[in-house]
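The values are calculated or read from the model by the stated rules, or taken from the named source; none is laboratory data. Since the model is a prediction, treat every value here as computed from it, not as a measurement. When we count neighbours, we look across all protein chains shown, and the Cβ atoms used for this are built from the backbone with ideal geometry, even at glycine.
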Amino acid sequence: MPTAVINHPHARVRLENQTLMVWVQEDPDQPPRLQREIPLRDLERVVLGHTVHVSGPAMSALLEAGVPIQVFSWNGRFLGGFLPAENHHGLSRLRQYQRSLDPKFCLEIAGRLVTAKLYNQRRMLQRLGASRGWLRGPEAGGVAGGSGGADEAAGTALRADLAWLDGRFRDVARAGSVDELRGHEGVCTARYFLAWARFLPAEFPFTGRTIRPPLDPVNACISFGATLLYSEAVAFCHAHGLDPALGTLHSTTDGRWSLALDLIEPFRP
């Protein structure tokens with residue numbers, strides 16, 4: 001279990017024999033019950049809901065074991081975290097600051113991020129299409145086809161989406177500014193979600209991305225997954241001596257951890 005997610009509103013976490021003991025007391029008139037035992041050696045990170053109580057010894061043991069602790073609000077917003085003590089890698093940060101002042105370098109890195117995201121979006125649609133039997137042979141990209149019958153109309157629409165995305169690789173490669181790259185990324189992601197929505201069950205309607213707040217279960221799941229990725233990237237930046245606030249694709253003036261947002265971009269849905 002590399003990641004432990006503890007979000008029960010009445011959970012308390014204690015340490016016994018290098019093991020996290022997760023206790024839950026839903027009824028104040030009843031004794032707490034032991035819900036889970038998690039050995040520290042099995043953990044890489046811990047994700048907590050904001051109402052979870054963690055004892056001092058448990059928190060200290062996690063940090064000493066090199067396990068970061070991330071805290072989320074009731075609606076899935078990343079509130080912050082506790083990080084193990086690490087070397088601050090001052091030279092790495094100095095180099096990062098120097099390179100961030102180079103417009104050519106920033107454009108190159110931002111272009112790589114958008115290209116990687118576009119590739120992964122295309123690959124995801126290709127794999128989903130092959131699994132449904134909408135794509136066959138070479139157009140399935142080596143993915144084994146599903147057992148269901150092919151849907152000719154759906155296959156035609158998906159092939160059009162894939163061809164459109166293929167053309168955007170050239171646009172991204174020719175982009176002359178980070179703002180232009182952001183524009184291409186936004187257009188491609190909107191088109192991707194329209195294509196992706198065709199694979200969802202009818203009971204989960206999805207007409208496009210909505211945030212702050214997400215307006216349906218699908219958007220809520222996407223936002224929560226992105227928030228988990230974001231918190232992972234923040235911890236990764238700190239652990240490797242990088243300033244998570246200094247990105248290239250995302251603006252450094254909006255108060256967010258821009259480098260963390262950059263790093264998760266290729267892995268977002």
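Which condition breaks for A235 when tested against (1) out of contact with any strand residue (DSSP E or B) (no Cβ under 8 Å at 6 or more places or on another chain); (2) among the small types (G, A, S); (3) at pLDDT below 90; (4) closer than 24 Å to I69 by Cα?
(1)
Would you call A110 of a type in the set (A, V, I, L, M) and closer than 30 Å to V187 by Cα?
Values: of a type in the set (A, V, I, L, M): yes; closer than 30 Å to V187 by Cα: yes.
Criteria met by A110.
Can you name every one of the strands (runs of 3 or more DSSP E) wholly within the range 36-99 that holds 2 or more residues which are surrounded by 14 or more Cβ atoms within 10 Å (Cβ to Cβ), at negative phi and not aromatic (F, W, Y)?
45-49, 69-72
Do the conditions hold for A233, that is, is it touching a Leu at 6+ places or on another chain (Cβ under 6 Å), within 22 Å of V47 (Cβ to Cβ), surrounded by 18 or more Cβ atoms within 10 Å (Cβ to Cβ) and not β-branched (V, I, T)?
yes
So how many residues does the range 60-83 have that are touching a residue at least 60 places away in the same chain (Cβ under 8 Å) and over 30 Å from D216 (Cα atoms)?
The total comes to 2.
Does T156 satisfy the condition of being among the polar types (S, T, N, Q), at pLDDT 95 or above and more than 30 Å from A65 (Cβ to Cβ)?
No: the conditions fail for T156.
Applying the selection to the range 197-215, what residues are exposed (fewer than 14 other Cβ atoms within 10 Å of the Cβ) and either of a type in the set (A, V, I, L, M, F, W, C) or within 30 Å of G81 (Cβ to Cβ) (or both)?
The answer is L200, A202, F204, I211, R212, P213, L215.
Under 6 Å between Cβ atoms, which residue pairs at least 6 apart in sequence (or on different chains) link something in the range 227-243 that is of a type in the set (S, T, Y) with a partner that is part of a helix (DSSP H, G or I) and modelled with pLDDT of 80 or more?
Y230/A260; Y230/I264
Please count how many residues of the range 238-263 are of a type in the set (A, V, I, L, M, F, W, C) and surrounded by 21 or more Cβ atoms within 10 Å (Cβ to Cβ).
Total satisfying the criteria: 6.
What number of residues within the range 9-18 satisfy the criterion of being surrounded by fewer than 17 Cβ atoms within 10 Å (Cβ to Cβ) and not in a loop (DSSP other than H, G, I, E, B)?
Going through the range 9-18 one residue at a time, the tally reaches 2.
Which residues, counting only those in the range 160-181, are crowded, with 16+ Cβ neighbours inside 10 Å, of a type in the set (D, E, K, R) and within 24 Å of G133 (Cα to Cα)?
D161
Of all residues being crowded, with 17+ Cβ neighbours inside 10 Å and of a type in the set (G, A, S) in the range 116-153, which is modelled with the lowest pLDDT? Just the residue, please.
So, considering only residues that are crowded, with 17+ Cβ neighbours inside 10 Å and of a type in the set (G, A, S), the one modelled with the lowest pLDDT is A140.
Just checking, which of A245, A260, A235, A220 is part of a loop (DSSP other than H, G, I, E, B), in contact with a Gly (Cβ under 9 Å, 6 or more places away or on another chain) and among the hydrophobic types (A, V, I, L, M, F, W, C)? Break it down into steps so the answer makes sense when it comes.
Details: A260 fails: part of a loop (DSSP other than H, G, I, E, B); A235 fails: part of a loop (DSSP other than H, G, I, E, B); A220 fails: part of a loop (DSSP other than H, G, I, E, B).
After ruling out the rest, the residue left standing is A245.
For the range 238-250, give me each residue that is modelled with pLDDT under 85 and either outside the structural domain of L113 (by TED's automatic domain parsing) or within 19 Å of the chain's Cα centre (by Cα) (or both). Break it down into steps so the answer makes sense when it comes.
If we filter the range 238-250 for residues that are modelled with pLDDT under 85, which is where we start, we get 238-241.
Once the filter is applied, which keeps residues that are modelled with pLDDT under 85 and either outside the structural domain of L113 (by TED's automatic domain parsing) or within 19 Å of the chain's Cα centre (by Cα) (or both), the range 238-250 yields H238, A239, H240.
How about the range 64-90: which of its residues are farther than 21 Å from T227 by Cβ and at pLDDT below 85?
Matches in the range 64-90: P84, A85, E86, N87, H88, H89, G90.
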